[in-house]
Amino acid sequence: MNQQFLNFLYNEYVNYAIFVDVATNYFRKKARLEMNPAESTWAYDAVVLSQQRALYQQAIQYTLDDLKDFIATYPLHIGLVLYQERLIQFRDSASKILPPFYSLYEKLRNVQIP
């Protein structure tokens, strides 16, 4: 995987993590200043932000793993698609009678008299 892309991605994650940490600390301070901190919306927002940060980190890891799998299998996919297209071209050029039997659409097309 491209190192510049990874650097960019992790730099953005660090900036996001710093923002979330600052916001979480701010929300916790606001919750402590209220009369009933346990039922404060500030405390709830702080918890939600910290959970989202953890989920964001997992999402980055899953995305990078999927991207690595995609990079590994994409050339094989292209090769199989090209092979399939060549088989279809061969089938179509082999006979003009044979292709309609392969397709249900061709069998059922124009079954009613116009």
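For this structure, a couple of remarks:
- The listed residues are LYS107, LYS29, and the only one of them that is over 24 Å from the mean Cα position of the chain (by Cα), among the basic types (Lys, Arg) and at pLDDT 85 or above turns out to be LYS29.
- Leading residue by the ranking (nearest to TYR10 (Cα to Cα)) among those in the stretch 28-60 that are among the small types (Gly, Ala, Ser) and in a helix (DSSP H, G or I): ALA59
- Single match in THR63, THR24 (criterion: modelled with pLDDT of 90 or more, assigned to a helix (DSSP H, G or I), within 20 Å of the chain's Cα centre (by Cα) and polar (S, T, N, Q)): THR63
The values are calculated or read from the model by the stated rules, or taken from the named source; none is laboratory data. All values reported here derive from a predicted model rather than from experimental measurement.
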